[in-house]
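Here, each number is a calculation from the coordinates, and none is a lab measurement. Bear in mind that the values here come from a model prediction, so they are computed numbers and not experimental data. With ideal geometry, Cβ positions are generated from the backbone for all residues, glycine too; neighbour counts draw on all protein chains shown.
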Amino acid sequence: MNSKLYDYLSPCKLCPRNCSAKRLKGERGFCKVLEKPMVSSFGPHYGEEPVLVGWRGSGTVFFTGCNLGCVFCQNYQISHLTEGEEVSVSELSDIMLYLQALGCHNVNLVSPTHQVPQIFSAVEEAKAKGLKVPIVYNCGGYESLEVLKEIKGLVDIYMPDLKTLSKEFSLKYLKAPDYPEVVKEALLEMKSQVGDLQVNEFGLATKGLIVRHLVMPNWVDDTKEVLKWIVDNLGRNTYTNLMDQYYPYYKACDYPEICRRITQREFEEAYAYAKSLGLRLAV
């Protein structure tokens with residue numbers, strides 16, 4: 001167990017909010033989670049990138065709570081309404097081993113940022129019991145650089161969102177005005193740890209970086225800025241999933257400009273720009 005990670009837990013400075021919640025004393029911060037791991041659901045998931053899903057699914061663990069306040073969150077029941085239940089570290093390690101026993105190609109940790117000490121204690125315990133599949137760190141990109149450095153070598157595949165590089169977008173829709181600066185540093189650190197995505201002879205991801213970006217209505221110019229930053233700073237060989245499935249969930253319709261699906265034209269414009277940059281796009 002990396003005991004230093006627990007030093008970030010209470011008062012909490014696990015994420016860039018540095019809310020200082022005394023989680024070991026029952027104080028809930030932005031993420032609303034205390035000291036125990038909190039899980040909403042787990043199982044083989046077939047809605048992820050093909051390089052993760054394969055033929056037996058990605059072994060996904062959805063963690064309760066989140067350190068972002070996305071007004072359009074599609075998992076808002078889990079992230080904002082905190083549906084889920086507390087488990088022990090040992091129970092979480094058993095969940096990981098169960099997913100491996102089902103034949104899942106990886107253990108996919110969804111929204112792990114605010115539970116890093118507990119999760120990676122479970123990872124280490126599971127590895128001691130025979131966990132061998134890759135560990136996927138599936139996050140919103142709003143990460144503490146210091147914490148990322150502490151988990152170096154424990155993550156095989158980083159899969160962050162790069163939601164935006166706009167301060168206006170970040171403040172209005174994510175409730176994190178410093179998101180653009182934070183996510184840039186975080187992705188550079190992730191790339192330095194794991195490199196470009198590697199796949200085996202079966203087309204399954206084994207190690208590396210996957211970047212996700214969700215195209216938003218009326219924000220295609222921001223998407224272009226994101227894609228250009230990826231090419232200029234992470235390289236054209238960065239495996240990038242340009243996503244078209246935006247839907248105005250949760251509180252999105254409090255903001256009329258994002259209260260609709262994206263149009264085919266918007267996505268085609270974004271995709272054509274990504275292709276023109278020579279970016280390695282998910283298929």
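Just one of (1) outside any helix (DSSP H, G or I); (2) touching a Phe, Trp or Tyr at 6+ places or on another chain (Cβ under 7 Å) trips up Pro117, so point out which. Only one criterion is unmet by Pro117, namely (1). Within the range 258-275, the residues that satisfy the criterion of being surrounded by fewer than 18 Cβ atoms within 10 Å (Cβ to Cβ), more than 23 Å from Gln77 (Cα to Cα) and not hydrophobic (A, V, I, L, M, F, W, C) are Thr263, Gln264, Arg265, Glu268, Glu269, Tyr271, Tyr273, Lys275. Residues satisfying the criterion are present in the range 136-159 (criterion: within 22 Å of Thr60 (Cβ to Cβ) and touching a Gly at 6+ places or on another chain (Cβ under 7 Å)).
For the range 1-98, which helices (runs of 4 or more DSSP H) that fit wholly inside it have 1 or more residues that are β-branched (Val, Ile, Thr)? Talk me through it step by step, then tell me what you get.
Numbers: elements: 3-7, 50-53, 76-79.
Helices (runs of 4 or more DSSP H) meeting the threshold: 50-53, 76-79.
Residues that are without any contact (Cβ under 8 Å) to a residue 40 or more places away in the chain and among the aromatic types (Phe, Trp, Tyr) do occur in the range 32-46, at least one of them.
Here the condition is being on the phi > 0 side of the Ramachandran plot and touching a Pro at 6+ places or on another chain (Cβ under 6 Å); of Gly57, Gly130, it holds for Gly57 alone.
The set of residues in the range 143-160 being crowded, with 20+ Cβ neighbours inside 10 Å and either of a type in the set (Asp, Glu) or over 21 Å from Lys4 (Cβ atoms) (or both) consists of Glu143, Ile157, Met159, Pro160. With respect to the conditions (1) crowded, with 17+ Cβ neighbours inside 10 Å; (2) under 18 Å from the mean Cα position of the chain (by Cα); (3) farther than 27 Å from Leu14 by Cβ, Asp244 lacks only one, and its number is (1). For the range 112-135, taking the residues that are surrounded by 23 or more Cβ atoms within 10 Å (Cβ to Cβ) and in contact with a Ser or Thr (Cβ under 7 Å, 6 or more places away or on another chain), the one that is nearest to Ser10 (Cα to Cα) is identified as Ala122.
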